[in-house]
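The values are calculated or read from the model by the stated rules, or taken from the named source; none is laboratory data. Because the structure is predicted, anything quoted here is derived from the model rather than measured. A quick note on method: Cβ atoms are made from the backbone with ideal geometry, for glycine too, and the neighbour counts reach across all protein chains shown. Just so you know, the surface numbers come from the protein's heavy atoms only, side chains and all, with ligands and any DNA or RNA stripped out. Shrake-Rupley method; radii C 1.70, N 1.55, O 1.52, S 1.80 Å.
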Amino acid sequence: MKYHTRYNLSLYVLLAPFLSGIVILVLIPAALSLALAFTSYDGLSAPGWRGLQNFRQIIDDDLFRRAVANSLVFLALTVPLRTVVTLGLALLLHRSRRGIGLYRAAVYIPTVIPGVAYALIWLWILNPIYGPLNLLLNATGLPAIAWLVNPHTALPAIALTALFQLGEGFVVLLAGLQHIPDEYYDSAELDGAGQLALFRHITLPLVMPWLLLVIMRDLIASAQNTFTPALIMTSGGPYYATLFLPLFIYQTAFDRFRFGEGAALTTFLFLGVAALIAVTYRLLGGWGYDDSV
Amino acid sequence: MMTRSDRAMRQSLGFHLVAASITLLFAAPLVWVLAASLRQPGAPPPARIAWLPDPPAWSNYAHIFELLPLGRYMANSLLLAAGAVPLTILIASWAGFAMAQLPARARYALLTLAVVVRMIPITALWLPRFLVIKELHLIDTFAALLVPAWMGSSPLFVLVFYWSFRRMPAALIESARLDGLGALAIWARVAMPLARPATVAVGVLTFVQYWSDFINPLLYLKSETRYTLSVGLRVLQQMDLTSWPLLMAGVVVMLIPVILLFVLAQRAFWIEDQIGGVHGN
């Protein structure tokens, strides 16, 4: 066999573990999930065909509607705000200067904190009696709020906690900003462009492809990262105020052993996220100059 | 009149003020947590924000290790991470290396696959993956927790290695091929030694992923002897919700290795021209 052929063949051997892993851990489970969505299955007896029954039942379920609404509100609260904050931080910290490493590390740190620890920290911060947030409010003369006990504040409070975990997007935007050649700014400044004009006509369009990536990734992450905080901080309460789709799927499948319904919910979640991504891409994809990615 | 250097200094001062307040906002909760973990358990709620309590109750840390076999849980988490890190680096770097070397068409197909898989919400895979793990009779084993390492733990890690290898001078690999070296030998002798920052970054992120993993242990583990630290913290929370100092001590125990690793390895994340190496080009 020729060296070249043999070489390419061995490249595929190096790829084999990753590819087989994707098949076993992602593709087959995804197909399995889709198939199960049309059955009733409790994990013990064999699955029985139910057609579209699961989907019909779910759509009529008030809890499902509540979970979808909560998840959408959560996305609407977190994704735009977090995108703006991330971009602001990246703009502030993308140039190399003294002490920059410390500042960047501080911004990234909440992102590496393990989910359970992060949720417990916030559970304490938001505690009406022992938590520092209300002590801070008291000190400024504001009334204490039982953040996680009040059905109106529980969801916004969890959204607030999610705001600080923006490290992944931050790093991507830093890289994006560093790819913009300084000459662009120099020549625009010579033409007398102000800071705002520089941002609108150079920075934003050039960083847009990165921003789009960050937004799409953030949509996916925010659609599922509610599980741990909701389970630890509120168990979905009070009065289902923080029942998000992932927690609802978990309860349906693993607390009540309704795998068929769980699979149908999973299908909904997947299609919902895909639809959101498609809409975002439609809305924002045309922006900016596309040559930089 | 203000001179040019005055203005520069003012601007720099302004920058550092803003950046320092952001640092405070993002890092202060950690200091609070540390302080909270050293309060006397059962003490009345503080009237105002207390920093280091006097005297600090270091015994809280000993106490949580008596309440729960946290030492065992910690060992389990460490064992899991210790298994996952090398496996992930091996599989992700192999895949990234192969992707970087393959002809354009195969390369783009694989890149697309990696990005698409990265976009699938993991929540959508809990249930079917649970059934696959069950069919493989891996429920209540470490293998069930280690299984994601099979696909390099995350397509992101494969992409990180891919980007890192693509940035290497092609001539290096070309000359190794002219010497008749095989793919595995080039990966080991030429590519990997030059991909140190990517390897460190993937290693750290993998450690954090498995050390922090909550959902997989929650789904797959049944025996308490196999619990990991994140499940242990959940148990601690459920034991007594009002004992904040003890719970925060548990949180600190879980945080220490992560923060330590991140601080030690952060050069691999931040050095200017390596940012592209780690996170894209």
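For segment A:101-126, name all the residues that are more than 8 Å from chain B (Cβ to nearest Cβ) and either farther than 13 Å from A:Met233 by Cβ or outside any helix (DSSP H, G or I) (or both).
A:Thr111, A:Leu126 - these are the residues of segment A:101-126 that are more than 8 Å from chain B (Cβ to nearest Cβ) and either farther than 13 Å from A:Met233 by Cβ or outside any helix (DSSP H, G or I) (or both).
Among the numbered criteria (1) facing another protein chain (nearest Cβ under 8 Å); (2) β-branched (Val, Ile, Thr); (3) open to solvent by 20 Å² or more (accessible area, probe 1.4 Å), which single criterion is violated by B:Val158?
Of the numbered conditions (1) facing another protein chain (nearest Cβ under 8 Å); (2) β-branched (Val, Ile, Thr); (3) open to solvent by 20 Å² or more (accessible area, probe 1.4 Å), the odd one out for B:Val158 is (3).
One line per residue, one yes/no per condition, for (1) free of Cβ contacts under 8 Å to residues at least 12 places away in the same chain; (2) farther than 17 Å from A:Leu89 by Cα; (3) open to solvent by less than 40 Å² (accessible area, probe 1.4 Å); (4) within 14 Å of chain B (Cβ to nearest Cβ):
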{"site": "A:Leu163", "(1), (2), (3), (4)": "no, no, yes, yes"}
{"site": "A:Gly169", "(1), (2), (3), (4)": "no, no, yes, yes"}
{"site": "A:His179", "(1), (2), (3), (4)": "no, no, no, yes"}
{"site": "A:Ser187", "(1), (2), (3), (4)": "yes, yes, no, no"}
{"site": "A:Asp191", "(1), (2), (3), (4)": "yes, yes, no, no"}
{"site": "A:Gln195", "(1), (2), (3), (4)": "yes, no, no, yes"}
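Tell me which of these B:Pro41 doesn't satisfy, since it passes every other one: (1) in contact (Cβ under 8 Å) with a residue 40 or more places away in the chain; (2) more than 10 Å from chain A (Cβ to nearest Cβ); (3) within 25 Å of the chain's Cα centre (by Cα); (4) open to solvent by 20 Å² or more (accessible area, probe 1.4 Å).
(3)
For segment B:79-99, which residues satisfy the criterion of being open to solvent by 10 Å² or more (accessible area, probe 1.4 Å) and in contact (Cβ under 8 Å) with a residue 24 or more places away in the chain? Please lay out each step first, then the result.
Just the residues of segment B:79-99 that are open to solvent by 10 Å² or more (accessible area, probe 1.4 Å), to begin with: B:79, B:82-83, B:85-87, B:89-91, B:94.
The answer is B:Leu79, B:Gly83, B:Val85, B:Leu87, B:Ile89, B:Ile91, B:Trp94.
Report whether or not B:Trp163 is facing chain A (nearest Cβ under 9 Å), open to solvent by 10 Å² or more (accessible area, probe 1.4 Å) and not aliphatic (A, V, I, L, M).
Numbers: facing chain A (nearest Cβ under 9 Å): no; open to solvent by 10 Å² or more (accessible area, probe 1.4 Å): yes; not aliphatic (A, V, I, L, M): yes.
The answer is no for B:Trp163.
Could we say that B:Ala75 is among the small types (Gly, Ala, Ser) and assigned to a loop (DSSP other than H, G, I, E, B) here?
Working: among the small types (Gly, Ala, Ser): yes; assigned to a loop (DSSP other than H, G, I, E, B): no.
Taking the combined requirement at face value, the residue does not satisfy it.
Going by what's in this entry, would A:Ile129 be described as within 9 Å of chain B (Cβ to nearest Cβ), without any contact (Cβ under 8 Å) to a residue 60 or more places away in the chain, of a type in the set (Val, Ile, Thr) and open to solvent by less than 40 Å² (accessible area, probe 1.4 Å)? First the steps, then the outcome.
Values: within 9 Å of chain B (Cβ to nearest Cβ): yes; without any contact (Cβ under 8 Å) to a residue 60 or more places away in the chain: yes; of a type in the set (Val, Ile, Thr): yes; open to solvent by less than 40 Å² (accessible area, probe 1.4 Å): no.
For A:Ile129, the condition - within 9 Å of chain B (Cβ to nearest Cβ), without any contact (Cβ under 8 Å) to a residue 60 or more places away in the chain, of a type in the set (Val, Ile, Thr) and open to solvent by less than 40 Å² (accessible area, probe 1.4 Å) - is not met.
More than 11 Å from chain A (Cβ to nearest Cβ), open to solvent by 30 Å² or more (accessible area, probe 1.4 Å), touching a residue at least 12 places away in the same chain (Cβ under 8 Å) and within 27 Å of A:Leu36 (Cα to Cα): does that describe B:Leu172?
Numbers: more than 11 Å from chain A (Cβ to nearest Cβ): yes; open to solvent by 30 Å² or more (accessible area, probe 1.4 Å): yes; touching a residue at least 12 places away in the same chain (Cβ under 8 Å): yes; within 27 Å of A:Leu36 (Cα to Cα): no.
Criteria not met by B:Leu172.
Tell me which of these B:Ala188 doesn't satisfy, since it passes every other one: (1) within 12 Å of chain A (Cβ to nearest Cβ); (2) within 15 Å of B:Ile89 (Cβ to Cβ); (3) touching a residue at least 12 places away in the same chain (Cβ under 8 Å).
With (1) within 12 Å of chain A (Cβ to nearest Cβ); (2) within 15 Å of B:Ile89 (Cβ to Cβ); (3) touching a residue at least 12 places away in the same chain (Cβ under 8 Å) applied to B:Ala188, the lone miss is (3).
Exactly one of these conditions fails for A:Glu183: (1) farther than 27 Å from A:Val112 by Cβ; (2) within 14 Å of chain B (Cβ to nearest Cβ). Give me its number.
That leaves (2) as the condition not met.
Tell me which of these B:Leu34 doesn't satisfy, since it passes every other one: (1) part of a helix (DSSP H, G or I); (2) at the interface with chain A (Cβ under 9 Å from one of its Cβ atoms); (3) within 19 Å of A:Ile121 (Cα to Cα).
The one condition B:Leu34 does not meet is (2).
When the residues of segment B:119-141 are narrowed to those that are at the interface with another protein chain (Cβ under 8 Å from one of its Cβ atoms), in a helix (DSSP H, G or I) and open to solvent by 30 Å² or more (accessible area, probe 1.4 Å), which ends up modelled with the lowest pLDDT? Outline the logic, then answer.
Pass one, segment B:119-141, residues at the interface with another protein chain (Cβ under 8 Å from one of its Cβ atoms): B:119-132, B:134.
Retained after the next criterion (residues that are in a helix (DSSP H, G or I)): B:119, B:122-132, B:134.
Checking the rest, the ones that are also open to solvent by 30 Å² or more (accessible area, probe 1.4 Å) come to B:119, B:122, B:134.
Values: B:Met119: 75, B:Ile122: 80, B:Lys134: 87.
This residue is B:Met119.
Rundown of residues vs (1) closer than 30 Å to A:Asn70 by Cβ; (2) of a type outside the set (S, T, N, Q), yes/no style:
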residue	(1), (2)
A:Trp147	yes, yes
A:Pro156	yes, yes
A:Leu163	yes, yes
A:Gln178	no, no
A:Asp182	no, yes
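What is the residue count in segment A:238-263 for residues that are modelled with pLDDT of 90 or more, outside any loop (DSSP other than H, G, I, E, B) and more than 10 Å from every other protein chain (Cβ to nearest Cβ)?
Going through segment A:238-263 one residue at a time, the tally reaches 2.
Within segment A:132-145, track down each residue that is more than 8 Å from chain B (Cβ to nearest Cβ), of a type outside the set (A, V, I, L, M, F, W, C) and crowded, with 19+ Cβ neighbours inside 10 Å.
A:Asn134 - this is the single residue of segment A:132-145 that is more than 8 Å from chain B (Cβ to nearest Cβ), of a type outside the set (A, V, I, L, M, F, W, C) and crowded, with 19+ Cβ neighbours inside 10 Å.
A:Leu9: out of contact with any Ser or Thr (no Cβ under 8 Å at 6 or more places or on another chain) and either surrounded by fewer than 20 Cβ atoms within 10 Å (Cβ to Cβ) or within 9 Å of chain B (Cβ to nearest Cβ) (or both), yes or no? Even if it seems obvious, please write down each step before you answer.
Details: out of contact with any Ser or Thr (no Cβ under 8 Å at 6 or more places or on another chain): yes; either surrounded by fewer than 20 Cβ atoms within 10 Å (Cβ to Cβ) or within 9 Å of chain B (Cβ to nearest Cβ) (or both): yes.
Judged against the criteria, A:Leu9 is a match.
Filtering segment B:229-260 down to residues that are among the β-branched types (Val, Ile, Thr) and more than 10 Å from chain A (Cβ to nearest Cβ), which residue is farthest from A:Tyr130 (Cα to Cα)?
The first filter runs over segment B:229-260 and keeps only residues among the β-branched types (Val, Ile, Thr), leaving B:231, B:235, B:242, B:251-253, B:256, B:258-259.
So of that shortlist, the ones also more than 10 Å from chain A (Cβ to nearest Cβ) come out as B:235, B:256.
On the way: B:Val235: 21, B:Ile256: 23 Å.
Out of the qualifying residues, it is B:Ile256.
Being open to solvent by less than 80 Å² (accessible area, probe 1.4 Å) and within 19 Å of B:Ser93 (Cβ to Cβ) is true for just one of A:Leu14, A:Leu32. Which residue is that? First the steps, then the outcome.
Details: A:Leu32 fails: within 19 Å of B:Ser93 (Cβ to Cβ).
Result: A:Leu14 is the single residue among A:Leu14, A:Leu32 that is open to solvent by less than 80 Å² (accessible area, probe 1.4 Å) and within 19 Å of B:Ser93 (Cβ to Cβ).
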